[in-house]
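Down below is the structure, laid out as structure tokens.
Quick note: the coordinates plus some simple rules give every number you see, no bench work behind them. Quick caveat, the model's predicted, so the values are computed rather than measured. Note that each Cβ is placed from the backbone with ideal geometry, even for glycine, and that neighbours are counted across all protein chains shown.
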Amino acid sequence: MTTARAPARRGTGAAPGTRPRVLLTLVLIAAAMPMRVASSVPWINSVSVLDILLGVVAITLFVDLAFGPLDVGYPKLFALLCIPAVVCGMSMLWTQDPGATFRATIVYAEGIVAYLFVVRELNGASPGRVMTYIRRYSLLLVVPAVLLLLRVPGFGPEETGLPPDSDRYLSYYTRLSHPALGPSNNLATVLAFFVPLLLYWGHVRHDRRFTLAGCVTLAAVVCTLSRGVLLGLLTAAVLAGLGSLLRRQHAGSRPAGKIVAAVVSAVVAVALLYRLVPDTLLASRFSLANVFIRSQFAVEAVEEIAERPVLGYGGGAAPEGMWFLARVHNTYLQQMLYFGVPLGLFVSSVLIGTAVFFFSRWRTSAVARVVGFTLIAQLFVFAVESSFEGTVLRVLFYLSIGLATALVRGSEETPAAPPHRGRI
């Protein structure tokens, strides 16, 4: 059963699928480069261009309520996305750090606004149009990272207080990172959401523009040298391949050429990175030292969870004197640290439920299955990275879910178009 389209907003003369989406374009540009405009705002800390635009967006969503209910995409999915925000807000009742919990709740609210906005703006858009926005957004994310690596003025790390000779500062220039999003793992997590979608779309539509964008995005992820993200994508790819074998797809539908192109892109990307940055810390990525450090974080997190197993320390809060446990590098342990074991497991199951939701729609939309495997990759990353706890990254995750929702809904409402051969 498909979700009915919401009526077009009043005052728009164009059809829903063809009207200009200027505000959406501005939000995607800001999401690709969320530059900070203030760094000492009470209770909030820093404010970025993206925060300001989402504030404007929130006002437009509120105005829309005067004309009818908000378009939430799929009500079940929207309910899943709201649960972590509600639990985080509830933890204000017992948090050990009200400021941190308040900020975490605001970040969740921004994520929900981003999701609702994208779903509203792309209501009625064709799947191809949605994929065009995804293609442009993924490439926009890569551009600042490349400019940072090339040391172009104005694209240095926004992270303040880093000594130029520190390992963290040098990591920005030894593997692909992002000036506003932060070190390489952050950029890799955001980009990984779009790699499967772009490669899939380029394959099924025989459109080289999307295949090329997918290869560029994959190459960028490889250049981040993020082991967790690469393993997440590999895990999702293996599961998708096994699923295809079980469904006995015809040999002619196997994207052998696309797989070769993707592998070649990854190899060329690493070679180019090593050529441009001779001191790339490639060998260090095979070291287990960082794995050992993160395992120590996990052990200490379990010990602190045992101290407050019922309610935890509050959303965004860390045990007193243990600020480093605000980033355990395991989202599922992090939720139990924040909210206690019962609510922590509940929030973790909700995150897993987003992937289950899209898999449940594979009979009405083939691309929904791809989104499901994309989310599997994200869930794997959440187990080894602190991506979901990042303030901007959480908002971008919700925004990405909004793009995926618009894509799946559009594919359910639009008859499948015959394959066409695109040009670069």
Per-peptide average of other Cβ atoms within 10 Å, ordering 95-108, 370-383, 346-359, 182-195 highest first = 182-195, 370-383, 95-108, 346-359
Between SER349 and TRP323, how many nm apart are label points set 7 Å from Cα along the C-beta direction?
-> 3.6 nm
Cα centroids of segment 353-404 and segment 95-147: how far apart, whole angstrom?
-> 12 Å
Anisotropy class of segment 22-413 from Cα gyration tensor, a/c 1.5 cut | rounded
